[in-house]
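**Q** Handing you a structure now.
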Amino acid sequence: MTRAGAGRLILPLPGNETFARQLADAGGWEAGALETRRFPDGETYLRILSDVKDKAVDLVATLARPDDGFLRLIFAADAARSLGAREVNLIAPYLSYMRQDRRFQPGEAVTSKSFARLVSSSFDRLITVDPHLHRYPALSALYTIPTNTLHAAPLLADWIAANVDSPLIIGPDEESEQWVSAIAARIGAPHAVLRKVRHGDRDVDIALPDLSEWRGCQPVLADDIASSGHTLIEAARQLPLQGFARPVVAVVHGIFAEESFQRLAPLCDRIVSSDAVPHDSNAVGLASIIAEAIASAAGDDGDLVRHRRPPEPLDEIEQAGFDSFPASDPPPWTGGVT
């Protein structure tokens, strides 16, 4: 491994420990740990328990439902940099805030751009899997740091080939044509695409083409993301009307907001997802392809790493406080009351 790839620490945010451990094992890297909790007033305490000095630090955080933990992620990145990390990267198997990619009504925040600016200001590189780009041609149109966009379709295809007999790969809308055709081509299966008419976030109509020529095949609904689940639910309801068995559902990002999984499950033979978002349906692991991307990125030229400020030396007062008691603990003369 090159100098740029040596001394690497895989550091999980809470809830990402299992994925981070698999990633560290796949790459032969050190797995780190941090401590975090909330103060009584709701503010976040965070401490990195591993030595980060002169190391490349990869913070692992799936960004499904990001609002509760995003500040914690930024604090961890800032702490790693101030403690002397050589570079600080974000490994986000699922990347949030891609939905609002334009201003649909006057006064709306274009949150995809705002989020990208925040992430770009705190990290040196972003690695993610199948971001929901919509109108953006690539993440480079949003992010000002180097990005790696990985694709889970081959892994989903391999799972389908190993677990489903005579599959018919079905995409939920016209936009999925290229995606599902690639899955089908990889395993030598037929494919079809449904027509989706969206009237709102929770109001979706699905039109099925005539699929009678493939009757006898096992339908597999494949998509990059299951969020509200409405599209998949409507498709799963309609497929038996054409004489098909209950479909298998295979998605990359299983968000399954609200009660969508509970509503979808009775309509399906099986639901599987990648482990980009932790869920009971996880059956396709992504650690191997992300480890490969990390190793590849480690060989890039050093000028791609943008250090925004040097590590901060401890002054005498800060060092004294560090030596005497953790900054989060109240001094003994307070009687334990913060």
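The values are calculated or read from the model by the stated rules, or taken from the named source; none is laboratory data. What you see is a predicted model, and the numbers here were worked out from it, not measured in a lab. Cβ sites come from the backbone with ideal geometry, for glycine too, and all protein chains shown count toward neighbours.
**Q** Just to check your reading of the model, which residue among ASP67, ASP78, ASP58, ASP101 is surrounded by 21 or more Cβ atoms within 10 Å (Cβ to Cβ), under 22 Å from the mean Cα position of the chain (by Cα) and of a type in the set (D, E, K, R)? Steps first, answer last, please.
**A** On the way: ASP67 fails: surrounded by 21 or more Cβ atoms within 10 Å (Cβ to Cβ); ASP78 fails: surrounded by 21 or more Cβ atoms within 10 Å (Cβ to Cβ); ASP101 fails: surrounded by 21 or more Cβ atoms within 10 Å (Cβ to Cβ).
It is ASP58.
**Q** Based on what the data block shows, is VAL164 farther than 30 Å from VAL88 by Cα and either among the charged types (D, E, K, R) or modelled with pLDDT of 95 or more (or both)? Let's see the steps before the verdict.
**A** Details: farther than 30 Å from VAL88 by Cα: yes; either among the charged types (D, E, K, R) or modelled with pLDDT of 95 or more (or both): yes.
Against the criterion (farther than 30 Å from VAL88 by Cα and either among the charged types (D, E, K, R) or modelled with pLDDT of 95 or more (or both)), VAL164 qualifies.
**Q** A further question follows. Would you list the strands (runs of 3 or more DSSP E) that sit entirely within the range 130-219 and hold 3 or more residues that are among the aliphatic types (A, V, I, L, M)?
**A** Details: elements: 147-150, 167-171, 191-193, 195-200, 203-207.
Output list reads 167-171, 203-207.
**Q** I'd like the full set of residues that are closer than 26 Å to ALA298 by Cβ, out of contact with any Lys or Arg (no Cβ under 9 Å at 6 or more places or on another chain) and among the small types (Gly, Ala, Ser), limited to the range 37-74.
**A** SER50
**Q** While we're here: Among the residues that make up the range 251-273, is at least one of them outside the structural domain of ALA24 (by TED's automatic domain parsing) and touching a Cys at 6+ places or on another chain (Cβ under 9 Å)? Break it down stepwise before answering.
**A** Step one: list which residues in the range 251-273 are outside the structural domain of ALA24 (by TED's automatic domain parsing), which gives 251-273.
Filter once more, so that each one left must be touching a Cys at 6+ places or on another chain (Cβ under 9 Å): none.
No: zero hits.
**Q** Here's another thing I want to ask about it. Of these, ALA293, ALA257, ALA265, which one is in a helix (DSSP H, G or I), modelled with pLDDT of 90 or more and over 23 Å from LEU168 (Cα atoms)? It would help to see each step written out before you state the result.
**A** On the way: ALA257 fails: in a helix (DSSP H, G or I); ALA265 fails: over 23 Å from LEU168 (Cα atoms).
Exactly one residue qualifies, and that residue is ALA293.
**Q** Are there any pairs with C-beta distances below 7 angstrom linking a residue in the range 128-156 that is within 15 Å of GLY285 (Cβ to Cβ) to a residue that is assigned to a helix (DSSP H, G or I) and not aromatic (Phe, Trp, Tyr), with the two at least 6 apart or on different chains, and if so which?
**A** Within 7 Å, the pairs are LEU150/ILE289; LEU150/ILE290; LEU150/ALA293; ALA153/ALA182; ALA153/ILE183; PRO154/ARG186; LEU156/ILE183.
**Q** Continuing with the same structure: Can you tell me which residue among ILE127, ILE145, ILE170 is buried (at least 19 other Cβ atoms within 10 Å of the Cβ), touching a helix residue (DSSP H, G or I) at 6+ places or on another chain (Cβ under 9 Å) and not assigned by TED's automatic domain parsing to the domain that holds ASP78?
**A** Only one candidate passes the filter, namely ILE170.
**Q** With the structure loaded, tell me whether LEU63 is in contact (Cβ under 8 Å) with a residue 12 or more places away in the chain, closer than 30 Å to PHE256 by Cα and of a type in the set (A, V, I, L, M, F, W, C) or whether it fails that test. If you could, list the steps in order and put the result at the bottom.
**A** Details: in contact (Cβ under 8 Å) with a residue 12 or more places away in the chain: yes; closer than 30 Å to PHE256 by Cα: yes; of a type in the set (A, V, I, L, M, F, W, C): yes.
Answer is yes for this residue.
**Q** Mind checking which residues of the range 234-279 are acidic (Asp, Glu) and on the phi > 0 side of the Ramachandran plot? Outline the logic, then answer.
**A** Going through the range 234-279, the residues acidic (Asp, Glu) turn out to be 234, 258-259, 269, 275.
Matches in the range 234-279: GLU258 only.
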